[in-house]
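Student: Pasting in a structure now, in structure tokens, and then I'll have a few things to ask.
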Amino acid sequence: MHSHIITTERLLLRPPAAADAEAVFAWAGDPEVNRFQTYPLHTDPEQTRAFLLAAENGEDDTEDDLAFLFVHRSGGQIVGCATAWPEDGGVWELGYTIRRDCWGQGYASEGVRAVIAFAHETLGVKRFAAHHAVDNPASGRVLEKCGLVFDHMGEYAKEDSGVIFPAKFYRLELD
């Protein structure tokens with residue numbers, strides 16, 4: 001797990017830790033937030049803690065990932081997260097999620113923009129990709145606000161159920 005910290009106007013972005021399980025469970029265990037996510041719905045905070053502990057200890061395949069929690073600077077509340085991870089061909093995939101009670105407040109756009117800038121400026125990443133379910137247009141607006149442009153239609157599956165979502169795929173290429 002990395003140790004990078006990013007500060008934006010309203011957010012402090014930092015790596016997640018097992019101690020954050022209760023706060024992360026607020027969205028990982030919310031069926032409405034999880035509806036279009038690829039990961040399975042968490043059923044209790046201990047499942048979330050185990051997931052975070054495995055990542056924290058490098059016991060999964062995420063050692064190259066840049067995972068950040070979004071911590072509200074004025075109140076300390078964890079409002080969401082974003083992850084960027086390398087794929088084939090030098091493209092970094094982006095994923096993000098926000099607590100339902102924090103939807104529509106610009107946290108996802110603010111945090112994802114910061115992750116993109118960090119990966120570009122610090123690691124030299126020039127190519128990013130992301131997707132969202134067609135039935136989740138708010139996620140598409142986040143991507144567009146972050147500079148990604150529509151590339152093609154496709155689909156993706158939920159890991160635990162195999163449910164297939166029609167999706168829009170986006171890309172961003174930086175100099």
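Student: Which whole-Hz ³J(HN,Hα) couplings does the range 12-24 yield from phi under the Karplus relation 6.51 cos²θ - 1.76 cosθ + 1.60, θ = phi - 60°, glycine and proline marked x?
Tutor: Rounded to whole hertz, the list is 10, 9, 9, x, x, 9, 4, 5, 8, 4, 4, 5, 5.
Student: With a 10 Å Cβ neighbour count serving as the proxy for reagent exposure, in which order, fewest first, do Cys81, Cys102 appear?
Tutor: Placing the least packed residue first, the sequence is Cys102, Cys81.
Student: Can you put Ser109, Ser161, Ser3, Ser139 in order, fewest other beta carbons within 10 Å first?
Tutor: Ser3, Ser161, Ser109, Ser139
Student: I would also like to ask the following. What number, rounded to the nearest 500 deg cm²/dmol, is the helix-based mean residue ellipticity at 222 nm of the chain, given -39500 (n - 2.57) per DSSP H run of at least four residues and division by all its residues?
Tutor: Theoretical 222 nm ellipticity from helices: -8500 deg cm²/dmol.
Student: Which residues in the range 89-122 place their backbone N less than 14 Å from a point set 7 Å from the Cα of Arg35 along the Cα-to-Cβ direction?
Tutor: From the range 89-122, the list is 98, 100-101, 103-104.
Student: Treating cross-link reach as a plain straight distance, find the lysines whose alpha-carbon is under 19 Å from the alpha-carbon of Lys168, omitting any fewer than eight places away in the same chain.
Tutor: Of all the lysines, those that pass the test against Lys168 - Cα under 19 Å, at least 8 places apart if same chain - are Lys145, Lys158.
Student: Around Val163, with a cut-off of 12 angstrom between Cβ atoms, what is the net charge of the other residues, counting Lys and Arg +1 and Asp and Glu -1?
Tutor: -2
Student: Using a cut-off of 13 Å between beta-carbons, work out the net charge of the residues near Ile6 (Lys and Arg +1, Asp and Glu -1, Ile6 not included).
Tutor: Overall, the nearby charge balance is +1.
Student: Within the range 124-174, list the trypsin sites (Lys or Arg not before Pro) lying in a DSSP loop whose Cβ has at most 16 other Cβ atoms in a 10 Å radius.
Tutor: Lys126
Student: Each residue of the range 74-83 in turn: what ³J(HN,Hα) in whole Hz from Karplus with 6.51, -1.76, 1.60 and θ = phi - 60°, glycine and Pro shown as x?
Tutor: Along the range 74-83, the couplings run 7, x, x, 6, 7, 9, x, 7, 8, 9 Hz.
Student: For Glu159 and Gln47, compute 0.36 nm times the residue count separating them, minus their Cα-Cα distance, and round to one decimal in nm.
Tutor: Going from the current span to full extension adds 38.7 nm.
Student: Determine ³J(HN,Hα), in whole Hz, for all residues of the range 117-134 in sequence, where each value follows from phi through the Karplus function 6.51 cos²θ - 1.76 cosθ + 1.60 and θ = phi - 60°; x replaces Gly and Pro.
Tutor: Here the 3J(HN,Hα) series is 4, 4, 4, 5, 6, 8, 9, x, 5, 10, 10, 10, 9, 7, 8, 8, 5, 4 Hz.
Rule-based calculations on the coordinates, nothing more; no lab input. Here the structure is a predicted model, which is why all the values come from computation and not from measurement. In this analysis, Cβ positions are derived from the backbone assuming ideal geometry, glycine residues included, and neighbour counts consider all displayed protein chains.
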